[in-house]
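The values are calculated or read from the model by the stated rules, or taken from the named source; none is laboratory data. Model, not experiment: these values are computed from the prediction. Ideal geometry is used to build each Cβ from the backbone, glycine not excepted, and the neighbour counts take in all protein chains shown. These accessible areas exclude ligands, DNA and RNA; they are computed on the full protein's heavy atoms, side chains included. Shrake-Rupley method; radii C 1.70, N 1.55, O 1.52, S 1.80 Å.
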Amino acid sequence: MADLRLPTTPIVRPDKDRFLAEENPFEAMMSRFDRAAELIDLEPGIYKVLRSPEKQIIVSIPVLLDSGEVEVFTGIRVLYNTARGPAKGGIRFDMAVNLDEVKALAAWMTWKCAVVNIPFGGAKGGVICDPLKMSAGELERVTRRYTAGIIKVLGPDSDVPAPDVNTNERVMAWLMDTYSMHVGHTVNAITTGKPVEMGGSLGRREATGRGCMLVAREALAHLGMNIKGATVAVQGFGNVGSIAAQLLRQQGCKITAISDRTGGLVNTKGIDVDDAIEHIRKHKTLEGYTKGDVISNEELLTQGVDVLLPAALENVITTKNAASIKAKIICEGANGPTTAGADTILDEKGIFVIPDILANAGGVTVSYFEWVQNRGGYYWSEKTVNERLEEIMVRSFQEVLHLSLQHKVNMRTAAYMVSINRVATVHKLRGIYA
Ligand code: NAD
């Protein structure tokens with residue numbers, strides 16, 4: 001049965017302006033983009049096209065609250081680029097949502113879909129609201145009115161949303177129903193991350209964590225390190241972090257540190273991941289889990305491990321702490337965990353970073369599988385989903401690695417080079433419509 005619970009342990013962003021602490025999110029994305037664009041000698045005309053989002057929509061969302069009052073929320077949807085196919089990207093409900101961040105995340109989605117070579121463009125959306133303070137009815141009304149507000153851009157051929165921070169299968173079910181009511185028939189390919197009962201894909205829930213495990217495995221092999229006994233620290237023990245930890249454990253890794261928003265713990269003998277997941281199932285957070293020594297989230301990042309897997313927040317590895325990081329590999333499960341300034345320090349230290357647009361692309365890859373299954377009306381087994389995911393993640397990792405070695409650049413720059421090149425090629429082939 002689908003998990004239709006509303007978010008209970010949302011991403012906590014203690015500092016609403018986290019991004020601004022070091023850099024504006026759009027500029028952070030652009031600084032990486034510019035470096036890769038220069039290296040692939042991107043034509044100036046295409047450069048201008050790729051620096052600009054295609055469409056930015058801001059809607060007011062009037063909602064009748066349970067109290068009888070009317071509140072007006074603000075909703076945003078940015079379609080960054082659709083040259084390679086329908087725009088794809090999540091919707092977040094969060095007080096920190098703002099246009100700059102949504103634009104950056106929509107661009108990220110464009111590069112992420114291109115790096116794994118799935119036929120989607122990039123989008124992102126959000127509603128400025130605090131879901132923790134809202135009832136299920138209020139959240140449903142916000143979702144439906146937001147969907148109606150952006151309905152002209154939505155469609156299985158134009159823009160396909162997905163869950164993101166503080167949204168889930170439940171929210172996607174409302175969105176799909178609202179869209180279907182507007183067009184007069186059921187369109188399950190309008191969104192991904194739906195409950196399996198209404199066309200969601202088997203394996204979607206585990207896909208991002210599985211993708212992280214696969215690229216971490218490839219990185220360890222590339223560096224000549226044995227996966228059996230490799231030590232791993234995981235920040236964030238939600239969907240991505242806990243599943244990646246579980247799968248890495250199954251590959252023989254030793255998970256020595258984990259954390260969530262309540263703090264972390266370290267155990268050099270190895271943490272029993274299944275037991276920690278069971279604790280979270282019962283208690284919602286890691287608080288009270290005592291099978292290790294207590295550490296802070298900051299201390300987790302500087303553990304002497306083989307693999308560090310940040311899987312919670314953006315901008316946690318910064319110029320302030322990058323020099324203290326001891327991991328040999330950073331596998332970016334979260335979106336944007338490393339600032340552009342920190343990249344340079346990590347390079348100098350010789351740390352092998354598997355960038356977010358590659359490391360966490362397993363989720364969007366299985367979202368693509370979901371959309372394909374919906375459109376074909378034929379559903380795959382979980383084994384088939386996992387096999388096809390593995391094929392795409394391994395191939396994409398090797399393509400990025402190849403370019404990184406060829407051009408002597410880090411994996412992030414190589415990943416951007418691969419993806420910008422793919423999007424630019426399609427623009428060149430299509431030409432500029434006048
Ligand atoms: P989640 O809500 O399931 O889990 C988030 C985890 O982070 C929880 O354990 C939470 O307690 C922890 N956390 C929250 N605030 C924290 C803080 N201040 N310090 C430390 N930990 C904190 O979310 P998720 O789906 O696992 O997503 C995690 C990251 O991965 C996000 O950056 C998200 O954008 C990215 N991501 C997720 C997917 C996906 O398919 N779920 C796909 C791509 C990228």
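Just name the residue that is farthest from ASP94 (Cα to Cα) out of those in the stretch 170-180 that are within 16 Å of the ligand (Cβ to nearest atom) and crowded, with 22+ Cβ neighbours inside 10 Å.
Ranking the candidates gives MET172 first.
Among (1) at negative phi; (2) touching a residue at least 60 places away in the same chain (Cβ under 8 Å); (3) outside any helix (DSSP H, G or I), which single condition is ASN166 missing?
Going through (1) at negative phi; (2) touching a residue at least 60 places away in the same chain (Cβ under 8 Å); (3) outside any helix (DSSP H, G or I) one by one, ASN166 breaks only (1).
Among the residues of the stretch 102-135, write down those that are out of contact with any strand residue (DSSP E or B) (no Cβ under 9 Å at 6 or more places or on another chain) and closer than 18 Å to PHE26 by Cβ.
Matches in the stretch 102-135: none.
Filter the stretch 276-324 down to the residues that are assigned to a helix (DSSP H, G or I) and under 14 Å from THR256 (Cα atoms), then identify the one that is nearest to the ligand (Cβ to nearest atom).
Restricting to residues being assigned to a helix (DSSP H, G or I) and under 14 Å from THR256 (Cα atoms), the top hit is ASN297.
Mind listing whichever residues of the stretch 240-254 are over 19 Å from HIS283 (Cβ atoms), of a type outside the set (Gly, Ala, Ser), within 14 Å of the ligand (Cβ to nearest atom) and buried (at least 24 other Cβ atoms within 10 Å of the Cβ)?
VAL240
Which one of these is in a loop (DSSP other than H, G, I, E, B), more than 10 Å from the ligand (Cβ to nearest atom) and under 26 Å from LEU202 (Cα atoms): TRP371, TRP380?
TRP380
From the list PHE120, PHE73, PHE93, which residue is touching a Cys at 6+ places or on another chain (Cβ under 7 Å) and open to solvent by 20 Å² or more (accessible area, probe 1.4 Å)?
PHE73
Say we look at the stretch 323-336 and pick out the residues that are in contact with a strand residue (DSSP E or B) (Cβ under 9 Å, 6 or more places away or on another chain) and touching a residue at least 40 places away in the same chain (Cβ under 8 Å); which of these is most open to solvent (accessible area, probe 1.4 Å)?
LYS328
Which count do you get for residues in the stretch 130-163 that are polar (S, T, N, Q) and assigned to a loop (DSSP other than H, G, I, E, B)?
Total satisfying the criteria: 2.
Every residue in the stretch 339-385 that is free of Cβ contacts under 8 Å to residues at least 24 places away in the same chain and assigned by TED's automatic domain parsing to the domain that holds ASN239, please.
Within the stretch 339-385, THR344, GLU348, GLY350 meet the criteria.
Given the conditions (1) away from the ligand (no atom under 12 Å from the Cβ); (2) closer than 22 Å to MET213 by Cβ; (3) touching an Asp or Glu at 6+ places or on another chain (Cβ under 8 Å); (4) assigned to a helix (DSSP H, G or I), which single one is not true for GLY341?
Failing condition for GLY341: (2).
So which residues in the stretch 292-313 are surrounded by fewer than 22 Cβ atoms within 10 Å (Cβ to Cβ) and charged (D, E, K, R), if there are any at all?
Passing the criteria: ASP293, GLU298, GLU299.
State which residue is nearest to the ligand (Cβ to nearest atom) when the search covers only the stretch 325-334 and only residues that are hydrophobic (A, V, I, L, M, F, W, C) and out of contact with any Ser or Thr (no Cβ under 8 Å at 6 or more places or on another chain).
My answer is ALA334.
Please specify each residue of the stretch 344-356 satisfying the condition of being among the aliphatic types (A, V, I, L, M) and either more than 16 Å from the ligand (Cβ to nearest atom) or open to solvent by 10 Å² or more (accessible area, probe 1.4 Å) (or both).
ILE345, LEU346, ILE351, VAL353
What do you reckon, is GLY292 free of Cβ contacts under 8 Å to residues at least 12 places away in the same chain and either farther than 24 Å from ILE354 by Cα or not small (Gly, Ala, Ser) (or both)?
Answer is no for this residue.
Which residues, taken from the stretch 181-215, are among the β-branched types (Val, Ile, Thr) and either more than 16 Å from the ligand (Cβ to nearest atom) or touching a residue at least 60 places away in the same chain (Cβ under 8 Å) (or both)?
VAL183, THR186, VAL187, ILE190, THR192, VAL196, THR208, VAL215
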